[in-house]
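This report refers to the structure that appears directly beneath it.
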Amino acid sequence: MATLSRDRRRGPYEAAVLRVLRECGPVSRTRVGELTGLSAATVSKAVSAMVGSGLVREGGVTEPRMGRPAVALVPAVDAVTVCGVQVEYGTIRLALADAEARVRSTRSVPFDVTAPAAEVLDLVAAEVSALVAADSGAPCIGLAVGLPGAVDEARRVNRLTINLGWRDVPVADHLERALGVPVVVDHHVRLMALGETRRGGTARDAIAYLYVRRGVGLGIAAAVPQRYAAGPSGESFLGHTRVAENGVLCRCGSRGCLETVVAEPYLRARMHGAGHRITPETPVLPELHRLAAEGDPAAVEIETDVAGHLAAALATVVNLFTPDLVLVGGMVAEAPDRVVTRIRELTRERIFPLLREDFRLEPAPSSDEASLRGAAALALEVSYYS
Ligand SMILES: [Zn+2]
């Protein structure tokens, strides 16, 4: 049975060595010295301690650049585990992951969306404990929580989640008291983007992730964290950019926000207004796309509007951040190919001409999976690699 336990006090250079091994793969002690700028004696001492405590293993030999091959150091990815949590409307999802953010086990549980935040967080703590107790691996040293809402700069407080009625909820303090390990909180779509940069355990690309479901969220993350060091973290408020003058009232209190023309609850209302029988149980998007494919004029108009508004928003994102890849998740990822193709082509038309050739937009693979992997990656960043 695994346990929750704050990472033991580590030597001053261990995080630097771990980062080198994560980013550069198996390397010799000499190369660790070159990459960290530490002296041979310091590296030797730090590495010996790490081999002794099981954080690093000696495995095989390195390709000699000159002279004889040296012993290669390999990170022990099973030396620790971390927990990633995603709180979505009515569902808590959890995953335990290894030191490369690869998920080992998952769990999910429903919750009452009208319950007070403290009650939901107590449930999160109980579920984390149960998930860890059911695992046989290394101690769980940290936790990150993704939420659909704004977080404070220090990633400790959920400032506002409209759907759940949460405001200034001290998520990290609450869970740290309950679990005894470091906790951070972030916007769920940023974690989806971060999770996609860690797909397959290896870091890749800079990603802009647009998630549309009950609302609209944008997350930006890069394989090389420095790339967006000065850029946005946490939530952006792209979904609340006004796109329709005198538009309908948004749940944020403003009018005509992007959300009010592309998010699910508003599309449901608009389909209803166009005379289509939409019950609360009707899956509104498959219905919308089916009717549009049949040529229903109202459905075609709504679908065209959605594609146009999303392309305009995405073009702004691409011009601002020039990501290597744009992923569209949530209900856009579930739309028929023709809709995704249309959004891609409309966006390409609107971005700066120099960017058009390299522009890539794809439907995102599972957002839940990406979000949990991203939460694990963030927990590792905070509890293990720094
Ligand atoms: Zn709004």
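The values are calculated or read from the model by the stated rules, or taken from the named source; none is laboratory data. All values reported here derive from a predicted model rather than from experimental measurement. Note that we place each Cβ from the backbone using ideal geometry, even for glycine, and neighbour counts take in every protein chain shown. The accessibility values were calculated without ligands, DNA or RNA, using every heavy atom of the protein model including side chains. Shrake-Rupley method; radii C 1.70, N 1.55, O 1.52, S 1.80 Å.
Remark on residue 166: its backbone amide H falls under 5 Å from those of 161, a criterion applied only to residues 5 or more positions apart or on other chains, H modelled at 1.01 Å from N.
Fully extending the segment from residue 152 to residue 173 would add 6.3 nm, taking 0.36 nm per residue of separation and subtracting the current Cα-Cα distance.
If you run the Gaussian network model on the chain, springs between alpha carbon atoms under 10 Å, then out of 119, 362, 259 the most flexible one is 119. Among the trypsin sites (Lys or Arg not before Pro) in segment 244-289, those placed in a DSSP loop whose Cβ has at most 13 other Cβ atoms within 10 Å are 277.
Label positions at residue 163 and residue 320, each projected 7 Å from the Cα along the C-beta direction, are separated by 2.1 nm.
The distance between label points at residue 74 and residue 352 comes to 4.4 nm (points 7 Å beyond Cα on the Cα→Cβ vector).
Using the Cα coordinates of segment 205-363, the gyration tensor eigenvalues translate into equivalent-ellipsoid semi-axes of 28, 18, 14 Å, sorted from longest to shortest. What whole-number distance in Å separates the alpha-carbon centres of segment 241-303 and segment 125-183? Using only Cα atoms to place each centre, the spacing works out to 34 Å. Across the accessible surface of the chain, with the other protein chains kept in place and a 1.4 Å probe, carbon and sulfur atoms take up 52 percent. Distant-in-sequence amide contacts of residue 248, defined by a placed amide H-H separation under 5 Å and a gap of 5 or more residues or a different chain, comprise 256. In a fully extended conformation the segment linking residue 36 and residue 337 would gain 103.7 nm over its present Cα-Cα distance, using 0.36 nm per residue.
Based on the Kirkwood approach, the hydrodynamic radius assigned to segment 308-375 is 12.4 Å, with every pair of different Cα atoms included.
From largest to smallest, the equivalent ellipsoid semi-axes obtained for segment 14-75 from the alpha-carbon gyration tensor read 16, 13, 11 Å. Taken per residue, the accessible surface of the chain reaches 45 Å², heavy atoms only and a 1.4 Å probe. Sorted largest first by accessible area at a 1.4 angstrom probe radius, with every protein chain in place, the residues 306, 300 fall in the order 300, 306. Value of Rg to Rh for segment 52-109, rounded to two decimals, is 1.28; Kirkwood radius and Rg both from alpha-carbon coordinates. Between 25, 253, 195, which gets the highest mean-square fluctuation from a Gaussian network model of the chain, Cα cutoff 10 Å? Among 25, 253, 195, the largest GNM mean-square fluctuation belongs to 253. Taking amide H positions as modeled 1.01 Å from N, with prolines and chain starts lacking one, the residues under 5 Å from residue 329 and 5 or more places away or on another chain are 210, 211, 212, 364.
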